[in-house]
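Written below as structure tokens is the structure these notes are about.
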Amino acid sequence: MNPPSPAPGAPPPAPSGPPKALLVGIGVAVLVVVAVAAFFIGRSSSGPSKGPDAQVASGPPGSSGSAQSSVLQALPPAPGKPGQMAVPTEPVRPALWVDVYAPGKVREALAGNAWVKEQLQKPLGKGFVGGWAPFLDTRGEELGASFKGAVFDVMAGQFLAAPFRMVWYSGENRAGTPAIIVPEPGNTTMAAFDSMSQVVRRSELTAATCPGGEGEAPSEGFTLQRWLIAEQTLWAARTDDKLVFGRHPAVVLQGLCEGHLDLEAPQGVDVELGFAPEPLGREAQMLTHVMGVANGIRLQFAVEGKRLVGRGISGPVADEPRLDSAPLSDELLKLIPEETPVVLALQLKLPEQLDKDSLKAFWSGKGAAVPLRTRQVAMVWTPRGDQELPSEVALLWGRPEDADALGQLFSGPNKMEYATLCGHRVLASTLDVLSRLRNACAGQVPNLLNAAAPVVQGLRAPGSVSFGVNTGRLLGTLMADGYWAQVREAGSSKPQPRAAPPEIEAARRDLETLPYMGLRGTVDGNRLVPGGFGS
């Protein structure tokens, strides 16, 4: 007997494995920004030429050609009676989100960026856009729609012309894909939505309640539409004051149930990434508790010329900050290899003695009389694009005298490699990671003191929390790992290549030309003052 089919709109099983830690969440910041950029400029160069403006026409388009006929003939029948969506019974929470305050400005900058334009003509750019190119390139004339121009122009030029949020949810029913929420689309955008819906809507689902019963649904419930163009599915929905898009109906429904979003841009900020520690998991909660930061921390970016740059880290901190302010020492910068993809450095206020009783009193807020000492702490991380590879992370502790206490604090089941290098106690996940740090300290490989002058200057500036991303190394490594993981998953029946194809190596080299991006937050009273730097 075949297993029963899932109910319409039922979310996929939650991904297995531990919840994402805060470091992982922050580490994807640049990847998320790249994804936003790809959405804005992801138009294939192989399609027909298009003007920058797509307008909703007052009447039907002119005579249609053979392309229009073939597209229309390939479309499934128009939707019939709406189906009933299986509403998730467990509530979900926003875990990571990107607020795009100036969509037009971001799109214009990225569309004019020389590196991006070059990559869109190469396998790297075409592969990133993938199967969505035909979706975005399809024209209203081909669909018999009342709008002219490409679907991309309508979506980017009208649906996403106003500030919007891209949000990933966490919970048992998370679908793993984001929802895009446009909270104040305006009448023209609503008309464009209805015009598009008339020709690409293939089916509908209705939902009477919100996931987990949290949130307010209208008396008639929500209606979710399945749009289909060029064999790609997009779910869409609207209320009187909101548009929501997503790859899965579960995230679209959650976006509909979100409260009103007030997307007001901070001064000088065009894009912000935020996160919520609780949905991200225990590790995220622990790290934010150790740092003494409250909900509301943001990573801020801005458009300068034709590129996206870091503005800094902003947000509230606890009434009694656990973060001090100091520059990163040259000893620390000497210890970290220049090619390290992700660095998170903190100036932590901790008890002078790291014994069990002092720490317990300090974490509980009852350690006012405990003498404190600022410790420089850094986490270095090399994310890998293959889950079969071991974790590559290390903790660099700026006070070697705490070695015994650290051994007790990190005495869990995961084996760590220990050493004292460049005036820091090092705890590394593998011998290879420890070896790379040792070589950097000894000057046998370039370290962060050999980085570009603006990067070194930014890392030496006083700060409380510093976050650096070598975007080229990060994305190049992830792409190469992903290729070899796919090769391995293809099975042993096929001959295994000894080297990556030329186009993979070329793409990796192109990615590694991307700049270093740095974000900094400095405690000032009960808030973090942002600062940015980079190459």
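Read-outs throughout are calculated quantities, based only on the coordinates presented, and are distinct from any laboratory measurement. Since this is a predicted model, take the numbers as computed values, not measurements. Positions of Cβ are generated from backbone atoms using ideal geometry, with glycine treated the same way; all protein chains shown enter the neighbour counts.
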Place a point 7 Å from the Cα of residue 524 along the Cα-to-Cβ direction; which residues of the range 319-342 have their backbone N under 19 Å from it? 319-328
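Taking the Cβ of residue 446 as the center, what net charge do the other residues with Cβ under 10 Å away carry, scoring Lys and Arg +1 and Asp and Glu -1? Present the calculation step by step, with values, prior to reporting the outcome.
On the way: positive: none; negative: 338, 339.
Combined, the nearby Lys, Arg, Asp and Glu give -2.
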Roughly what would the spin-label model give for residue 442 and residue 389, points 7 Å off Cα along C-beta, in nm? 2.4 nm
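Assuming R0 = 30 Å, can you tell me the calculated FRET efficiency for the pair residue 240 and residue 264, based on Cβ-Cβ distance, to the nearest 0.05? Mind showing how you got there, number by number?
Working: r = 21 Å, r/R0 = 0.70.
The value I calculate is 0.90.
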For the residue pair residue 230 and residue 499, what label-to-label distance in nm results when each label sits 7 Å from Cα along the Cα-to-beta-carbon direction? 3.4 nm
Mean-position separation - Cα centroids, the range 463-492 and the range 365-431, in angstrom: 23 Å
Order of 333-342, 377-386 by packing, highest average Cβ count within 10 Å first? 333-342, 377-386
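If you count, for each residue, the other Cβ atoms within 10 Å and average over each peptide, how do 104-114, 301-311, 143-153 line up from highest to lowest?
Values: 104-114: 17.3, 301-311: 19.3, 143-153: 22.1.
Order by mean packing, descending: 143-153, 301-311, 104-114.
Net charge near residue 459, counting Lys/Arg +1 and Asp/Glu -1 over other residues with Cβ under 11 Å of its Cβ? The partial results should precede the final answer.
Working: positive: 460, 520; negative: 330.
In short, +1.
Suppose R0 equals 30 Å; then what is the FRET efficiency for residue 318 and residue 419 from their Cβ-Cβ distance, rounded to the nearest 0.05?
Numbers: r = 33 Å, r/R0 = 1.11.
Once rounded, the FRET efficiency stands at 0.35.
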Answer rounded, prolate or oblate for the range 312-378, using the Cα gyration tensor with square roots of eigenvalues a ≥ b ≥ c: rounded when a/c is under 1.5, else prolate when a/b is larger than b/c, else oblate. prolate
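What is the calculated FRET efficiency for residue 403 to residue 457, with r their C-beta to C-beta distance and R₀ = 45 Å, to the nearest 0.05? Please list the in-between numbers first.
On the way: r = 32 Å, r/R0 = 0.71.
So the FRET efficiency works out to roughly 0.90.
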